[in-house]
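These notes are about the structure you will find just below.
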Amino acid sequence: MRAILRYRDVPYLGSFRCDDERLNRIWETGAYTVHLNMQEYLWDGVKRDRLVWLGDMHPEVMTVQSVFGGNEVVRRSLDHVRDNTPLPGWMNWIAAYSMWWVIIHRDLYMYEGDLNYLREQQEYMRALLRVLASQMDGDRENLQGGPTSQMPDVIHAGYQALMVMAMEAGAEIGGWLGDRQMQSECHGALRRLRRHVPDHLRNKQAAAMLVLAGLADPGKVCRTVIARGGAEGFSTFYGYYMLEALAEGGLYDEALQIISDYWGAMLDLGATTFWEDLNYAHAAGAARIDEPVPAGKFDIHAESGAYCYKGLRHSLCHGWASGPTPWLSRHVLGIVPLEPGCKSVAVRPHLGHLKWAEGTFPTPWGVIRVRHERGADGKVSTSVSAPDGVRVVR
């Protein structure tokens, strides 16, 4: 057997440490998973496709921004898919992925603040948003080019929420670009979309998307659906958005426990990078992936997976599974950009059951350093060091 290791030699500017070593390992593993996929483009997985999939890219971009800061591989990937997707076609042949392209550009601008790069997207962005708006039946999304599923109502709930999120991003981008027409058209679509709130049917993915789109009550839905049963029903990709929804609902301890249980289960089975798929119910009886499979043990690599990643096609280094890394930086360290380019940044920690947490966060101006510590009275004290050019809001 011959093998090579090829990786982009970039420094880890972001960091995360707390009194729970399992969470520390999870943060580091998510960062390393994305690092290995930062090749010519931001790949979905180093093992199989080595393609740029826009849905996969959103969690990856959030990880890149939290760990490495601005990097050329992100823009190269976004531009590659744009240039190879003439409208009215969908990126990667999936309507949702075109919506993620819009959302990624909104988030990228918040972190990097490069208005010239955003202007390069303006013509395509405006036309894409019009294509999306044309795929509406009254106040309902009617997107052609979605995933196939035995649960079409669940898919509709997720797509309705994602359409809202994309139009919100488009309206923000229109405002930054001074494009009143784009902004107005997005606001018009939003007014219609918000009139229709689908049932999440107790599906955790759909429920999470409705929460993030502002179409469902975060506290109620998080308690009764997303946190119910803990890590059961989580997935490596949409698990990130379920964690984000739990934060919206204020369920930080529940989110930390699910991170430890679900992503930690992969570590327990020998993972050094996070996987494309994990059915949590399979983890308890599975053999480690770095040892021969004993008789009577479930071979989680050869026997699990779904859709196109069944069996040995199952990628064991998949960037979309890195969600806990940006989540821990954003919600436990509490570092959130408030203005484009991180000109102002909130530092509002949520330690949950943790006693302390500390870390660093890259910005275009330099690295922010924070430490949070819970005192004997239960109150959290915070120290922050920010570079010139960054205003910290506490």
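Summary of computed values
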item	result
Sequence of H314, H187 when ordered by accessible area, the most exposed leading, probe 1.4 angstrom	H187, H314
Residue with peak Gaussian network fluctuation, the chain [Cα springs, cutoff 10 Å], from M91, M151, M266	M151
Whether the chain is rounded, prolate or oblate, judged on the alpha carbon gyration tensor where a/c under 1.5 counts as rounded	rounded
Positive-end residue of G352, L338, H314, charge dipole of the stretch 271-356 with Cβ unit charges	L338
Spacing of the two label points (7 Å from each Cα toward its C-beta) at E232 and K297, in nm	2.6 nm
Residue-normalised accessible area of the chain, expressed per residue, 1.4 Å probe, Å²	43 Å²
Gaussian network model of the chain, springs between alpha carbon atoms under 10 Å - residue of L201, L256, L193 with greatest fluctuation	L201
Potential lengthening between W356 and R192 on full extension [0.36 nm per residue; Cα-Cα distance subtracted]	54.6 nm
GNM result for the chain, Cα springs below 10 Å: residue of G14, G323, G305 fluctuating most strongly	G305
Cross-link table K204/K343; K310/K355; K47/K355; K220/K310; K204/K310; K220/K379, entries beyond 30 Å C-alpha to C-alpha	K204/K343; K310/K355; K47/K355; K220/K310
Amide H within-cut-off set for F16, under 5 Å, with H built and near neighbours excluded	T360
Extended-chain gain in nm, criterion 0.36 nm per residue less alpha-carbon gap, V367 and L267	33.1 nm
Percent carbon-and-sulfur accessible area, the stretch 40-127, ignoring ligands, DNA and RNA, probe 1.4 Å	49 percent
Mean Cα-pair separation over length for the stretch 248-386, i.e. relative contact order, pairs under 8 Å, 6 or more apart, %	15 percent
Loop sites in the stretch 162-249: GluC sites (Glu not before Pro), DSSP, at most 13 other Cβ within 10 Å	E232
Cα centre as origin, Lys/Arg/Asp/Glu Cβ charges: the chain dipole, Debye	340 debye
Cα-projected label distance for A306 with E339, points at 7 Å along beta-carbon direction, nm	4.4 nm
Filtered trypsin sites (Lys or Arg not before Pro), the stretch 306-392: DSSP coil and at most 14 other beta carbons within 10 Å	K310, K355, K379
Tail weight of P(r) past 19 Å, computed on alpha-carbon pairs of the stretch 188-290, percent	45 percent
Accessible area of the stretch 277-363 belonging to carbon and sulfur atoms, whole % at 1.4 Å probe	54 percent
Computed E for D377/D199 - FRET, C-beta separation, R0 45 angstrom, nearest 0.05	0.55
Between the stretch 222-296 and the stretch 303-366, the Cα center-to-center distance that results, in Å	15 Å
Span-like helix ranges in the chain, DSSP H, alpha carbon extent 24 angstrom or more, Kyte mean at least -1.0	95-112, 152-177
A127 versus D388: modelled label distance in nm, points set 7 Å from Cα along the beta carbon direction	4.4 nm
Carbon/sulfur fraction of accessible area - the stretch 164-248, other protein chains in place, 1.4 Å, %	44 percent
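The values are calculated or read from the model by the stated rules, or taken from the named source; none is laboratory data. All of these numbers come straight from a predicted model, not from anything done at the bench. Heads up, the Cβs are rebuilt from the backbone with ideal geometry, glycines too, and the neighbour counts pull from every protein chain shown. For accessibility, only protein heavy atoms count, side chains too; no ligands or nucleic acids. Shrake-Rupley method; radii C 1.70, N 1.55, O 1.52, S 1.80 Å.
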